[in-house]
Amino acid sequence: MTSWAVGDELLPRTDPPLTVTDFVRYQGASGDMNPVHHDQQAAEAVGYDRPLAVGMLAAGRLATYLTDVFGPRAVRTVEVRFSASAWPGDALTYSARVVDVVAKDGGRELTVEAVCTTPQGDVHVGGTARFHLD
Amino acid sequence: MTGSGGAYRFPIEEGKVQEFVSAVGARHPDHQGRDAVVPATFLMASAWWRPPEEFALRGMDLTRVLHASQEFTYIGEPPRAGTELTVDTRIERQWTSSSGELHFTTVLDEFRDGHRVVASARMTVVIREEAS
């Protein structure tokens, strides 16, 4: 069992560039069929040059970037905030840091701050998650 | 626009879990098998089971709605494939920015396994008033 401490950082990960197919796959899985994420005409109708990324896709990848390390059974809360838009072709980078470790319910509760950034370095999704470890 | 307060079923199916696991690129082995643990943001897929009249944002032009924030809370471990949850959805709060341009809505979904609440999801969206 890894002994996590405040200040520990996870190895950052950069995914392949986003594609509209990624958006469609996530939208089908989640049931959010908002056309601005896959339909060029719908995107242009509301002022975008092209379909914009689904925020919950990066939020989902940010959460699994963490649960791949701490375990899916350990997660207790995930809170995300959406900031800069992302677009097809953007290779998003995920990084995270342990910000708190406390004893709780016979184990430890870790608080982790995580961020998904665009190739320009803007925050696309920022979040906080809590994990219960034995 | 306010939900009627009715509840609806949310069966957690193995195939749907795998579809979601693939979409978000989850790699942990606990996501595999008949009793796969759902990914941390999987509760979004309850949208597939939500009756139209329970959609808290109905009537809004969704192409102009932006997702501002999202929270998931689990009481204990996240649910597994093979479980059937019941969802209660309601608008928790609506407010307008001091400038009057941004209209926020927070929707709270509570997920029950029988009578026990096992998880919740809180979504905040924003609509910007169009410049005239």
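The values are calculated or read from the model by the stated rules, or taken from the named source; none is laboratory data. Everything quoted here is computed from the prediction, not taken from an experiment. No Cβ is skipped: glycine too gets one built from the backbone with ideal geometry, and neighbour counts run over all protein chains shown.
Can you find even one residue in segment B:85-108 that is among the small types (G, A, S) and under 23 Å from A:A29 (Cβ atoms)? Scanning segment B:85-108, I find no residue that is among the small types (G, A, S) and under 23 Å from A:A29 (Cβ atoms), so the answer is no. Would a scan of segment A:12-33 turn up a residue that is in contact with a strand residue (DSSP E or B) (Cβ under 7 Å, 6 or more places away or on another chain), of a type in the set (S, T, N, Q) and either at the interface with chain B (Cβ under 7 Å from one of its Cβ atoms) or more than 22 Å from B:Q70 (Cβ to Cβ) (or both)? Within segment A:12-33, one or more residues are in contact with a strand residue (DSSP E or B) (Cβ under 7 Å, 6 or more places away or on another chain), of a type in the set (S, T, N, Q) and either at the interface with chain B (Cβ under 7 Å from one of its Cβ atoms) or more than 22 Å from B:Q70 (Cβ to Cβ) (or both). Within the set B:D30, B:D35, the sole residue that is at pLDDT 95 or above, surrounded by fewer than 22 Cβ atoms within 10 Å (Cβ to Cβ) and part of a loop (DSSP other than H, G, I, E, B) turns out to be B:D35.
The sole residue among A:A58, A:A103, A:A114 that is within 13 Å of chain B (Cβ to nearest Cβ) and in a strand (DSSP E or B) is A:A114. For B:P52, the conditions (1) surrounded by 19 or more Cβ atoms within 10 Å (Cβ to Cβ); (2) at pLDDT below 95 all hold with the exception of (1). Only residues that are under 20 Å from A:L62 (Cβ atoms), in a loop (DSSP other than H, G, I, E, B) and at pLDDT 95 or above were counted across segment A:8-39, and they come to 9.
With respect to B:R128, is the statement that it is over 15 Å from the mean Cα position of the chain (by Cα), of a type in the set (D, E, K, R) and within 11 Å of chain A (Cβ to nearest Cβ) true? Judged against the criteria, B:R128 is a match.
Yes/no matrix, rows are residues, columns are (1) part of a strand (DSSP E or B); (2) within 11 Å of chain A (Cβ to nearest Cβ); (3) surrounded by fewer than 19 Cβ atoms within 10 Å (Cβ to Cβ); (4) of a type outside the set (D, E, K, R):
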{"residue": "B:V17", "(1), (2), (3), (4)": "no, yes, no, yes"}
{"residue": "B:A23", "(1), (2), (3), (4)": "no, yes, no, yes"}
{"residue": "B:W48", "(1), (2), (3), (4)": "no, yes, yes, yes"}
{"residue": "B:E71", "(1), (2), (3), (4)": "yes, yes, yes, no"}
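What pairs can you find where one residue is in segment A:10-30 and without any contact (Cβ under 8 Å) to a residue 60 or more places away in the chain, the other is surrounded by fewer than 16 Cβ atoms within 10 Å (Cβ to Cβ) and hydrophobic (A, V, I, L, M, F, W, C), and their Cβ atoms are less than 6 Å apart, with a gap of 6+ or different chains? Once the first residue is without any contact (Cβ under 8 Å) to a residue 60 or more places away in the chain and sits in segment A:10-30, its partners that are surrounded by fewer than 16 Cβ atoms within 10 Å (Cβ to Cβ) and hydrophobic (A, V, I, L, M, F, W, C) give A:Q27/A:M33.
Among the residues of segment A:49-91, those that are among the hydroxyl-bearing types (S, T, Y) and either touching a Ser or Thr at 6+ places or on another chain (Cβ under 8 Å) or crowded, with 20+ Cβ neighbours inside 10 Å (or both) comprise A:T64, A:Y65, A:T67, A:T77.
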